[in-house]
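First up is the structure itself, then whatever we jot down about it.
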Amino acid sequence: MPRRSEPVAPAEITPPRPPGSDAGLRDIAREVPAFLIELQHGADGAARLGYVGEGIRAVLPIEADEAMADPARLFAMIHPEDVDRLHATMARAAREQAPWHDEFRVCPAPGQVVWLSIHARCTPGTDGSRLWQGWLADVTERRLAQAALADGELRHRKLFDANPIPMWVHDRLTLRFLTVNDAAIARYGWSREEFLSMTLVDLRHPGPDGADAGDPQSHDGGTRPATAHHRLRDGSLIEVELSSQPLTWGGRPARMVMALDVTARRRAEAEIQRLAYYDPLTNLPNRRLLTDRLRQSVAAVIRGGRHGAVLCVDLDDFKRVNDTRGHPAGDEVLLQTAARIRDSLRTEDTVARLGGDEFVVVLERLDSDARQAAAQADEAAQRLMTVLGRPFDITDMRFHSSASIGVAMFGAREVPAEEVLMHADSAMYRAKAAGRGTIRFYDPAMQVALQTRAALETDLRRALSEGQLRLAYQAQVEGSGRTVGAEVLLRWQHPVRGAIPPMDFIPLAEETGLIVPIGQWVLETACMQLAGWARRPETRALRLSVNVSARQFRQPDFVQRVERALSDSGADPARLRLELTESLLLDNINDCIAKMQSLQSIGVGFSLDDFGTGYSSLSYLKRLPLEELKIDRSFIRDIATDPSDAVIVQTIIGMARNLGLTVIAEGVETAEQLAFLDRHGCGAFQGWYFGRPVPLPDFEASLRAHEPAAGADARTGVEAAAAPQPRQANPAPMPER
Ligand code: C2E
Ligand code: MG
Ligand code: MG
């Protein structure tokens, strides 16, 4: 047993000796990454460093005398995870009187790890103290190489280190960097130490447009290359292509990643793309990209059963600015034109510049109805005309122009994109030929239809003020044959085109909003009529049904408008019945119910028009304050021949009865239809069998003609018939179509 005064040297090396006088050896000792050490453990457990070799400088950022003066500073560098094990192996060595050998980590700075190996022997003192003498050496490199070898991966450490592509290994769970190569340090700007204190998440950036996936793990990469945006130390962004391999690192799952910087390549690709597909001045798609997109649009529109349009837009006076003011002024006008076109369209519409002042617009999502779609394209073209008609302010002048626009519709059939473009172009030339500031459609029929529609709209605006609108009255008859009232139906007597049927102008009035004043006029006229009838005993009991359109009903002050029409005329609200359609009610059912209830509270009744054609469900029918269901005439038409229509009609009648509503059938034309309806309990009828819609005097005349003889019932003398009888032909039936 060695005595305290005769310290035993560790087996591997000469025992510590006070630094010799040989300065050369001393210098060498300072450079060798290993150092001798003498550690004294007092009986009280206090540790003191009796000697530290100068080589410590080559391993740790501390001088030998500093370490001796403040051993705690050195101990504190020991990796917290290794402290307990180190104590355990040391205690065992002391207990067993065996050499102490261990390898442990020291962290001289955050994120920096140095592996040290210790070889020492213990000499116990009589007082329970212990003297440890031995040496420590830096084995970091060997440890890493071993770890890599042991893991069977990263064998080619040199390849990794010297690879010109940034590479690293990170922990797969914590994403912490475990090692990085020089290229990564050079490209990203962080030092090795900084890297090792960071995780992969610190590199991640959602990308300039925030498009990268938000999951940091996804960034972790699979074996397939994935692209990501990374943040450099100076804050700038790079785009990288990541390829990675799983491996284990010190027993933990890790991943070796190669991050190829593709920023420059992407930028070049984008530039090539821009040059090939975009107009350099306005940055709008050029002809090539337009043709591409148009091809896709044509296919999409046909697939979706819709329509699209191509608009060729040309400034009428562009050449003048260009010739007199030079190209910079011309460019300025083109830039403003591009911006104005862009701003007046939806984002999904394509705007392209083909060159010169020739712009092309593709409208994709237009209506499935060809005429409606053309009207939408026309609307867009009008909008473009307006914005391009405004003066252009350029550096030192103000430039006025107008635009000529050619429109070609597509969607009806498969056509090559190039053909549609050609059509729009030729329409644009026709627009130019027709004079500045003109829109022309390629399809002559479409052109005519649109012009007719535009003319109709102009005329309709005048129709009301010029007294061209009339009301026709169509009798509503009860089972007894008695006329209980009439439906008022709008008629437009056009000064040139003659009678225009409601179906040809009511949708237009609805679209343009003209239905609101027109509907108001119908309502007021009907109320005046009711008030007039109330003064005559023979007409006092008559009711009038008035059709109300969706747009009209949705006016916030609809209820007040009806109330005013009633009070201004003095009509009895109980004689007024408003016909609504199901589609109108479905829109905002609570608002509808509220409006209906407030009118119902003053006595106005409601009838559900065209019943059976919509999507009525019993549950919503129950909620509506209705008085009457009006069976659509499409069911009445085939009632005698089509068993399913017959069943539908019976069902409607039964349903109405259950809900406590009356039923009226519209479009009753024959005795068979009437007999069927009467047999199944329908209480009221309207249709040509009883009378066509006629002007007021004729309607009143027909009332008198059918007035039952005093004291006699309507059915007297018609014993054979179980139902009311047809009226004679109307004296002057109003044209139906
Ligand atoms: P509606 O309210 O369903 O009107 C019934 C339509 O059936 C009327 O067509 C009427 O003339 C027609 N009719 C009546 N009996 C028979 C028959 O026995 N056989 C056939 N084939 N047809 C018959 P009209 O007058 O052409 O009106 C069409 C639609 O226009 C109306 O359908 C209504 O939705 C709308 N409408 C008419 N006047 C107005 C109005 O003042 N305001 C609003 N918003 N819409 C109106
Ligand atoms: Mg109606
Ligand atoms: Mg109807």
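Things to note:
- For segment 361-419, the spread of Cα positions along the three principal axes, ordered from largest to smallest, is 49, 24, 16 Å.
- Per-selection Kirkwood Rh - segment 33-186 (Cα, Å, 1 d.p.): 17.3 Å
- Using C-alpha pairs under 8 Å with a sequence gap of at least 6, the mean separation divided by the residue count of segment 279-442 gives a relative contact order of 31 percent.
- Between the helical axis of 558-569 and the longest alpha-carbon principal axis of the chain there is an angle of about 20 degrees.
- Environment charge of residue 316, counting only residues whose C-beta is closer than 10 Å and scoring Lys/Arg +1, Asp/Glu -1: +1
- Of all DSSP beta bridges in the chain, antiparallel share, percent nearest 5: 80 percent
- Taking every C-alpha pair closer than 8 Å and separated by at least 6 residues, the mean separation divided by the residue count of segment 377-536 gives a relative contact order of 13 percent.
- Inter-label distance, residue 594 to residue 536: 4.2 nm, where each label sits 7 Å from its Cα along the C-beta direction.
- When 613, 386 are sorted by how many other C-beta atoms sit within 10 angstrom of their C-beta, beginning with the fewest, the order is 386, 613.
- Sum of side-chain charges, residue 589 neighbourhood, beta-carbon under 15 Å (Lys, Arg +1; Asp, Glu -1): +1
- Remark: 706, 307 ranked as 706, 307, counting other beta-carbon atoms within 10 Å and listing the fewest first.
- Computed on the Cα trace of segment 504-692, the radius of gyration divided by the Kirkwood hydrodynamic radius gives Rg/Rh = 0.97.
- Per the Debye calculation on segment 279-442 with a single equal scatterer at every Cα and no solvent contribution, log₁₀ I(q)/I(0) for q = 0.18 Å⁻¹ amounts to -1.05.
- Cα-centre dipole for the chain with unit charges at Cβ (Lys and Arg positive, Asp and Glu negative), debye to 20: 460 debye
- Here segment 504-692 is assigned +1 on the Cβ of each Lys and Arg and -1 on the Cβ of each Asp and Glu. Its dipole about the Cα centre then comes out at about 660 debye.
- Distance between modelled label sites at residue 478 and residue 464, nm, 7 Å Cα→Cβ extension: 3.6 nm
- Relative contact order (%) - the chain, alpha-carbon pairs under 8 angstrom, separation at least six: 6 percent
- Cut-off 11 Å between beta-carbons: net charge of the residues surrounding residue 495, Lys and Arg +1, Asp and Glu -1: 0
- Scattering profile of the chain at q = 0.06, 0.11 Å⁻¹ [log10 I(q)/I(0), Debye over alpha-carbon scatterers]: -0.68, -1.16
- Farthest towards the positive end of the charge dipole of the chain, among the residues 247, 305, 395, is the Cα of 305, using unit charges on the Cβ of Lys, Arg, Asp and Glu.
- Relative packing of 628-635, 405-412, which averages over residues the other C-beta atoms within 10 Å, highest first: 405-412, 628-635
- Nearby lysines by direct alpha-carbon distance to residue 595 (threshold 21 angstrom, same-chain neighbours under 8 apart not counted): 622, 630
- nm² value of the averaged projected area, convex hull over the Cα atoms of segment 437-530: 8.5 nm²
- Assuming charge only on the beta carbon of Lys and Arg (+1) and of Asp and Glu (-1), the dipole of segment 331-452 about its Cα centre is about 400 debye to the nearest 20.
- Percent of beta bridges antiparallel (DSSP, segment 504-692, rounded to nearest 5): 0 percent
Taken together, the values in this text are just the output of simple stated rules run on the coordinates, not laboratory data. Keep in mind that this is a model prediction, so the values were computed, not measured. For neighbour counting, all protein chains shown are included, and Cβ atoms are generated from backbone atoms with ideal geometry for every residue, glycine included.
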